[in-house]
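Since every read-out is calculated from the coordinates, none of them should be taken as a lab result. Remember, it's a predicted structure, so these values are computed and weren't measured experimentally. When we count neighbours, we look across all protein chains shown, and the Cβ atoms used for this are built from the backbone with ideal geometry, even at glycine.
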Amino acid sequence: MGPKIGPKIGVVTFPGSLDDQDALRAIRLCEGEPVPLWHGNDTLDDVEAVILPGGFSYGDYLRCGAISRFAPVMTEVIKSAESGMPVLGICNGFQILCEAHLLPGALIRNDVRVFVCKDQDLRVESVDTPWTSEFTQGQEITLVLKSGEGGYVADEETLRRLEGEGQVIFRYINGNPNGSYNDIAGICNERGNVIGLMPHPEHNVDALTGPTQDGRSVFSSVFNFLTAKV
Amino acid sequence: MARVVVDVMPKPEILDPQGKAVTGALARLGFAGISVRQGKRFELDVEGDLTEDRLAELRRAAETLLANTVIETFNVRVEELPASPDEEDQGEPAEQAELATQAG
């Protein structure tokens, strides 16, 4: 092991997770300390933030995220999220956070009825969260979007609240890829520490494999937040 | 053993892309004038007597896991199991008891 690096960020692996390794790698590339967490654990191993990665946890059986939401590790994730720990759900992780009621609304099958895989343009709507402080307000970025059930839905009152309270964090621009209400790509909870995001920042950290490195700011934001906190 | 059926449907205001795809396929096959919304049916084989408490517990189970009440409604009802072959003489025709509850 080299010298101690940045904050310890946990990434939960569920059976059927796909992007857990990419998320761990992104944390390492951005000089954090990645900590793999197993869904069957009942502790978070002293991590300072948690990422629920993309994929098809529990085979997407029943509904995406519906079964993962009750995995043993989620008891601790929910408790830590409610006490302010930064939690990021990417794609399937976003679905899990909605099923766990840590975030309002739900994600349904894309209105276009096909799996969408593309470089998606987004606008950063709020930099006032632990996961977005390194972006600039209104910054336009491009991240990989790859999902079959990425349509964000919520009732009108919830949408009004999200918009009014600045809880819409990322919005699709240059076309809505999946029918998400209000072009919503990412939201946060009232406190701002829990974020769900459909596109994949962990895939946009390396010039070799992505058209942008816009995803890096997500990781550097949370590192700065955690470092400043100490 | 009792059979309890839980039907789960997307709320009317929620887009149902699967139902739309089925609707389109039916039209292409010549089944005109049919609009489909697609849900799920769960068959629960339940041990013991179906008391009111037990049914309330099943409704809780449906609300906790089987349906996401943000986007779906669910309906819990008791279904009479068809009689086994050697009991056929006294077997009533399968009939659904009206213990339905709407929720969600």
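Within chain A, the selection of entire DSSP H helices by a Cα span of 24 Å or greater along the long axis and an average Kyte-Doolittle value of at least 0.5 returns an empty list.
Tell me, A:His203, A:His101 in order of fewest to most beta-carbon neighbours within 10 Å?
Ranked by crowding around the Cβ, least crowded first: A:His101, A:His203.
What order, most packed first, do the peptides B:46-53, A:53-60 have when packing is the mean number of other Cβ atoms within 10 Å of each residue?
A:53-60, B:46-53
The number of Lys pairs in chain A with C-alpha atoms less than 19 Å apart, excluding pairs fewer than 8 positions apart on the same chain, is 4. Counting, for every residue in B:53-62, the Cβ atoms of other protein chains within 10 Å of its Cβ and taking the mean gives 0. Among B:31-44, B:3-16, A:176-189, sorting by the average number of other beta carbon atoms lying within 10 angstrom of each residue, highest first, gives A:176-189, B:3-16, B:31-44. Cα centroid separation, the stretch A:166-184 to the stretch B:57-84: 33 Å. Mean per-residue shielding of peptide B:66-72 is 6, counting Cβ atoms of other chains within 10 Å of each Cβ.
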